[in-house]
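Peer 1: Pasting in a structure now, in structure tokens, and then I'll have a few things to ask.
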Amino acid sequence: MAQRGVKVISVVPGGLAEGAGIRPGDTLLEINGEKVLDQLNYQFLLSQEDESALRILRADGTEFTALVENGGDGVGLDLAADEVKVCKQNCVFCFVHQMPKGYRKSLYLKDEDIRLSFLYGHFSTLSSSDGAELDRIVRERLSPIHVSVHATDPEVRVRLVGNPKEGHILRKIDHLLEGGIDVHTQVVLVPGLNDGWVWQKTLDELWARRAFQTEGPWAGKGGVLSLSCVPVGLTAHREGLPDIPDVDPAYAKAWVAAWTPEVRRRAEANEGEPWLLLADEWFTRAAVEVPGRDFYSQSWAQLENGVGMVRRFLEQTRRFLATPKAARFQGRNILLLTGASFAPILAREAARLNRKTGARLRVAGAQNFSFGDTVTVAGLLCGSDLKYAAHADREEHGPVDAVVVPSATLRTHTGPTDQYTLHGQSAKAEGTFLDDMTLDQLAADLGVPVIPGGENFSQLLDHLEAAERATGFTGKDLTRVFHASGLNLPQGAYNP
């Protein structure tokens, strides 16, 4: 990004920066003679020496150098948000290209930022990463990085990503591995495009580069930590886009049958740790039970990519029902809204909880009118979809005391400032759905409290009790009242 330094937006009173004469409104240009690129780079440069020379630009155009003995720690500066890098690819299955019109501008941004890949697990195609940026990743030890591979065959990858310059993804991955950087990888699988021999080639070539090898060309270097396989997601808004097949239930069932044994075989060859990962959507689309705990990595690798979320929920439910805390659900009359794919699983577990505690939890799978019926995941439901589902359920089954919505449908902030932002955009309010309806607006329309569900029944109970205790509770209290782990935590105003 073409910018000169990073602006200082606040200075901690009594801190090292204030003592050195740095003021809000100044611009940090260099640290120890190196240009400051962004906040991550600032932290890296500051950690290299016990004493740092900060080159500062005043608003009036004058410059000076401030010396601080920081011991590798912070110096008391809050820097302006970093602008996000955007994707240069034109993937045939890009979800942003399938967005309906009329939503806020931030939803149409395709981020392609290795900083977000390192910090938050966003997947990058590395299309915006030239040799200099790959060198930066290595030097600053931004490991692990998350990379969207899709296919290692150069010709097939060019067809998938729509960029003739980005076919040789292994060259960039190998650059990182040579430098000691570990990589999580993913393939979005499209029937007829990158399955069959293309998938097998991709699997084998990434497997050959897996992490923690003790012999061979990659011993002692970085490695591929995991490879996840995710079925392509298509919306009802593909006008003017390539005609590509969806993953239907029959295809998903065949894929699960073919590759579940291979997941276990590769795990055995990887000292028991699962390396090949199948996203939950394969199993929900196939309408088959997700595998047991040993099918997933010990660290729940790629959980944010939809790998193991269902199994973890089931494990947490089993443990929760065995605790005295579960009894506090007794007598509660609540509607739980979720996506169509998860609804049968949630309904089964809610029934177990009802039988054990005497609660009256009811589950409804909300139809996604915003993106189309083919989109069945909870996180892509809009406020209007949830509102319609709640009203339809009330007409059929009667009123409830509270309505629970998936936490992943709500955006919120992770801290007092956003580290990354979209140029010219401001952050939306806390508790906002994808269509800009707020949690408060939905609650006012339904006439009952609307509560984020959290990641499990234990968190849901905490949320219900916290909302009951809170005086004048509103959606703006999300991070104060509720568990943040289940919420959609964006890294800047650009993120939905």
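Peer 1: Just to be sure I understand the filter: pairs with C-beta atoms under 6 Å, separated by 6 or more residues or on different chains, first member in the range 3-27 and farther than 14 Å from L46 by Cβ, second member acidic (D, E). Which pairs pass?
Peer 2: Close Cβ pairs satisfying both conditions: I9/D78; S10/D78; V11/E18.
Peer 1: Quick test for you: out of T202, T214, T284, T260, pick the one residue that is buried (at least 20 other Cβ atoms within 10 Å of the Cβ), more than 23 Å from the chain's Cα centre (by Cα), in the same structural domain as V158 (by TED's automatic domain parsing) and not hydrophobic (A, V, I, L, M, F, W, C).
Peer 2: Answer to the check: T202.
Peer 1: Right, another one. Taking the condition under 26 Å from L46 (Cα atoms) and part of a strand (DSSP E or B), does H122 pass?
Peer 2: No.
Peer 1: Look at the range 380-396 and say how many of its residues are touching a residue at least 40 places away in the same chain (Cβ under 8 Å), surrounded by fewer than 16 Cβ atoms within 10 Å (Cβ to Cβ) and over 20 Å from A444 (Cβ atoms).
Peer 2: 0
Peer 1: Further, regarding this structure: Filter the range 324-349 down to residues that are touching a residue at least 60 places away in the same chain (Cβ under 8 Å) and part of a loop (DSSP other than H, G, I, E, B), then give me how many there are.
Peer 2: From the range 324-349, those touching a residue at least 60 places away in the same chain (Cβ under 8 Å) are 325-326, 328-329, 332-339, 341, 345, 349; that's our starting set.
With part of a loop (DSSP other than H, G, I, E, B) added as a condition, the list becomes 332, 341.
The total comes to 2.
Peer 1: Something else now. Does at least one position in the range 421-440 carry a residue that is modelled with pLDDT of 70 or more and part of a helix (DSSP H, G or I)?
Peer 2: yes
Peer 1: Would you say S106 is under 19 Å from the mean Cα position of the chain (by Cα) and either modelled with pLDDT of 80 or more or of a type in the set (K, R) (or both)?
Peer 2: Against the criterion (under 19 Å from the mean Cα position of the chain (by Cα) and either modelled with pLDDT of 80 or more or of a type in the set (K, R) (or both)), S106 does not qualify.
Peer 1: Would you please name the residue that is farthest from N368 (Cα to Cα), looking only at residues in the range 284-322 that are free of Cβ contacts under 8 Å to residues at least 24 places away in the same chain, assigned to a loop (DSSP other than H, G, I, E, B) and of a type outside the set (D, E, K, R)?
Peer 2: A322
Peer 1: Test G365 against the stated conditions and say whether it is surrounded by fewer than 22 Cβ atoms within 10 Å (Cβ to Cβ) and modelled with pLDDT under 95.
Peer 2: no
Peer 1: Hey, among the residues in the range 21-44 that are surrounded by fewer than 21 Cβ atoms within 10 Å (Cβ to Cβ) and among the aliphatic types (A, V, I, L, M), which one's farthest from K85 (Cα to Cα)?
Peer 2: Among those that are surrounded by fewer than 21 Cβ atoms within 10 Å (Cβ to Cβ) and among the aliphatic types (A, V, I, L, M), it is L29.
Peer 1: Can K35 be described as modelled with pLDDT under 90 and either under 30 Å from N163 (Cβ atoms) or in contact with a Leu (Cβ under 9 Å, 6 or more places away or on another chain) (or both)? Walk me through it before giving the result.
Peer 2: Details: modelled with pLDDT under 90: no; either under 30 Å from N163 (Cβ atoms) or in contact with a Leu (Cβ under 9 Å, 6 or more places away or on another chain) (or both): yes.
It is false that K35 is modelled with pLDDT under 90 and either under 30 Å from N163 (Cβ atoms) or in contact with a Leu (Cβ under 9 Å, 6 or more places away or on another chain) (or both).
Peer 1: While we're here: Could you tell me whether the range 33-48 includes any residue that is without any contact (Cβ under 8 Å) to a residue 40 or more places away in the chain, among the hydrophobic types (A, V, I, L, M, F, W, C) and outside any loop (DSSP other than H, G, I, E, B)?
Peer 2: yes
Peer 1: I need the full set of residues from the range 159-181 which are among the hydrophobic types (A, V, I, L, M, F, W, C) and part of a helix (DSSP H, G or I), in order please. I'd like the intermediate steps shown before the answer.
Peer 2: Just the residues of the range 159-181 that are among the hydrophobic types (A, V, I, L, M, F, W, C), to begin with: 160-161, 169-170, 173, 176-177, 181.
Result: L160, V161, I169, L170, I173, L176, L177.
Peer 1: Hey, another quick one. Residues that are within 30 Å of Q186 (Cα to Cα), within 20 Å of the chain's Cα centre (by Cα) and surrounded by fewer than 19 Cβ atoms within 10 Å (Cβ to Cβ): does the range 58-81 have at least one?
Peer 2: Within the range 58-81 (the criterion being within 30 Å of Q186 (Cα to Cα), within 20 Å of the chain's Cα centre (by Cα) and surrounded by fewer than 19 Cβ atoms within 10 Å (Cβ to Cβ)), the answer is no, since none of the residues qualifies.
Peer 1: Enumerate the pairs (first residue in the range 397-412 and farther than 19 Å from M437 by Cβ; second residue anywhere and surrounded by fewer than 23 Cβ atoms within 10 Å (Cβ to Cβ) and among the β-branched types (V, I, T)) with beta-carbon separation below 9 Å, excluding pairs fewer than 6 apart on the same chain, so at least 6 apart or on different chains.
Peer 2: Partner pairs satisfying both residue conditions: P399/V448; V400/I334; V400/V448; D401/I334; D401/V448.
Peer 1: Now a separate question. For the range 287-322, give me the residue count where each residue is surrounded by fewer than 16 Cβ atoms within 10 Å (Cβ to Cβ), in contact with a helix residue (DSSP H, G or I) (Cβ under 8 Å, 6 or more places away or on another chain) and closer than 15 Å to F457 by Cβ.
Peer 2: Qualifying residue count, the range 287-322: 1.
The values are calculated or read from the model by the stated rules, or taken from the named source; none is laboratory data. Quick caveat: nothing in here was measured; it's all calculated off a predicted structure. Don't worry about glycine lacking a Cβ; one is built from the backbone with ideal geometry, like all the others, and counts go over all protein chains shown.
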